[in-house]
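Report on one structure; see the data block that follows.
The values are calculated or read from the model by the stated rules, or taken from the named source; none is laboratory data. Being a predicted model, the structure only gives us computed values, none of them experimental. In this analysis, Cβ positions are derived from the backbone assuming ideal geometry, glycine residues included, and neighbour counts consider all displayed protein chains. Heads up: the accessible areas ignore ligands, DNA and RNA and are worked out on the full protein's heavy atoms, side chains in. Shrake-Rupley method; radii C 1.70, N 1.55, O 1.52, S 1.80 Å.
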Amino acid sequence: MKELSLNILDIAQNSVKAGASLIEILLTETPETLTIRIVDNGCGMTAAQVESVMDPFFTTRTTRSVGLGVPLLKLAAEQTGGSVEIVSSAQAEDHGTAVTALFNKNHIDFTPLGDIISTVTALIQGAPGIDWQFVHSRGGDAVTLDTRELRAVLGDVPMDQYDVMQWIGEYLREGYAALPACE
Amino acid sequence: MKSLAELAAIREKMKDKVILREGSGEIRVVVGMATCGIAAGARPVLNAFVEGVNKEGLAEKVTVSQTGCIGVCQFEPVVEVFEADKEKVTYIKMTPEKAAEVIEKHLKGGKVIADYTITKALA
Ligand SMILES: Nc1ncnc2c1ncn2[C@@H]1O[C@H](COP(=O)(O)OP(=O)(O)OP(=O)(O)O)[C@@H](O)[C@H]1O
Ligand code: FES
Ligand SMILES: [Mg+2]
């Protein structure tokens, strides 16, 4: 992938497919690192599934036998000396999955984050009925978006209405304009 | 600054409008957003359709949605256009520029751009 924001889009689609009702996308930067966490309350995976999901020859899909999403994220992280960890539960009480990817930003093979705003709007457009929480923190400040807060104001106006989508894009752009460029 | 008050205004405005639910339009544009599609550039293509359809005033007629694997990795980004009583049109190797053309000629003008279709590629 050319941008890490594309990996995020792809990995978060797994959470949508897992039937999550809330998906959190949490980006945390230090001067040296970027941590990407994608946390969902979807159906989760068994320990054996988690183990094999890191391996490109695992997928529960039938249309094609090789799942590439997680391995691509892992590759992007590991090539910077970072790593990917998946914690998941398929138990009824606490089902869900947390994918955490750590990157060394200053490594020559670090892929830029790219257009994260387009990723957030594409995710909301694709799954407007579920709730999304986005937090990007850096330098003691953060850009945040929580669709639950928006929904409280919007009532039954769907999140993927064009006016709403535009508001979200503009809101995030303003948030980033106010965020310190680095630590 | 963007405020929640603006969202409240959008809600007010929408109150009298019939809200279009996904798939209720006459034309459905579906963008393939599996890993391979995303890697090949599906995100800007999706954006181009969402923005273009609204800017051209086609929102009443056209809904834009996303799907996973369409099964033709080598042709990604792939976009399918569904229209009642018509055969599905599959556009391949899409770009935002081609999307703008599809909006203009096909969605607005009713003319399929044969050159961009999978039928043409396989012929
Ligand atoms: N958040 C999640 N919740 C539940 N299952 C998951 C989650 N993430 C991944 N999986 C499981 O792991 C499999 C592999 O995921 P991966 O993204 O690598 O490939 P894929 O989605 O099957 O295919 P693609 O290459 O199109 O992404 C998925 O098919 C799914 O069964
Ligand atoms: S995985 Fe590429 S089109 Fe399905
Ligand atoms: Mg996937």
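Structure summary
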item	result
Relative contact order computed over chain A (Cα-Cα under 8 Å; 6+ residues apart), in percent	25
Within the range A:4-178: Cβ-based charge dipole about Cα centre, in debye rounded to nearest 20 (Lys, Arg +1; Asp, Glu -1)	360
Efficiency of FRET between B:Glu26 and A:Arg148 - r from beta-carbon atoms, R0 45 angstrom, step 0.05	0.85
Heavy atoms of B:Thr117 accessible to a 1.4 Å probe, total area in Å² rounded to 10	10
Of B:Lys88/B:Lys120; A:Lys74/B:Lys93; B:Lys17/B:Lys61, pairs whose Cα-Cα distance is over 22 Å	A:Lys74/B:Lys93
Simple spin-label estimate for A:Asp141 and A:Leu75 in nanometres, 7 Å along Cα-Cβ	3.6
Point-to-point label distance, B:Gln74-B:Glu12, nm (Cα→Cβ direction, 7 Å offset)	5.7
Per-selection Kirkwood Rh - the protein assembly as shown (Cα, Å, 1 d.p.)	20.4
Accessible area of chain B divided out per residue, in Å², using a probe of 1.4 angstrom	53
Top of A:Ser88, A:Ser21, A:Ser52 by mean-square fluctuation, Gaussian network on chain A, Cα under 10 Å	A:Ser52
Ratio Rg/Rh [Cα only; Rh per Kirkwood] for chain A	0.97
GluC sites (Glu not before Pro) within the range B:47-123: DSSP coil, no more than 15 neighbouring Cβ in 10 Å	B:Glu56, B:Glu60, B:Glu87
Residue with peak Gaussian network fluctuation, chain A [Cα springs, cutoff 10 Å], from A:Arg148, A:Arg138, A:Arg37	A:Arg148
Accessible area per residue in Å² at 1.4 Å probe, computed on the range A:69-163	41
q = 0.10, 0.14, 0.16 Å⁻¹, chain B: log10 I(q)/I(0) [Debye, one scatterer per Cα]	-0.34, -0.62, -0.77
Dipole magnitude (debye, nearest 20) for the protein assembly as shown, charges at Cβ of Lys, Arg, Asp, Glu	800
Calculated FRET efficiency for the pair B:Lys88/A:Gln133, C-beta based, R₀ 45 Å, to 0.05	0.80
Unit charges at the beta carbon, dipole of the range A:4-178: most positive-side option, A:Gly169, A:Gly82, A:Pro128	A:Gly82
Accessible area of the range A:120-183 belonging to carbon and sulfur atoms, whole % at 1.4 Å probe	48
Alpha-carbon centroid distance for the pair the range A:160-183 / the range A:77-143, whole angstrom	17
Summed buried accessible area for A+B [probe radius 1.4 Å, Å², rounded to 100]	2900
Distance (nanometres) between label positions extended 7 Å along Cα→Cβ at B:Lys61 and A:Ala92	5.1
Cβ-defined net charge surrounding A:Glu170, 14 Å radius [Lys, Arg +1; Asp, Glu -1]	-2
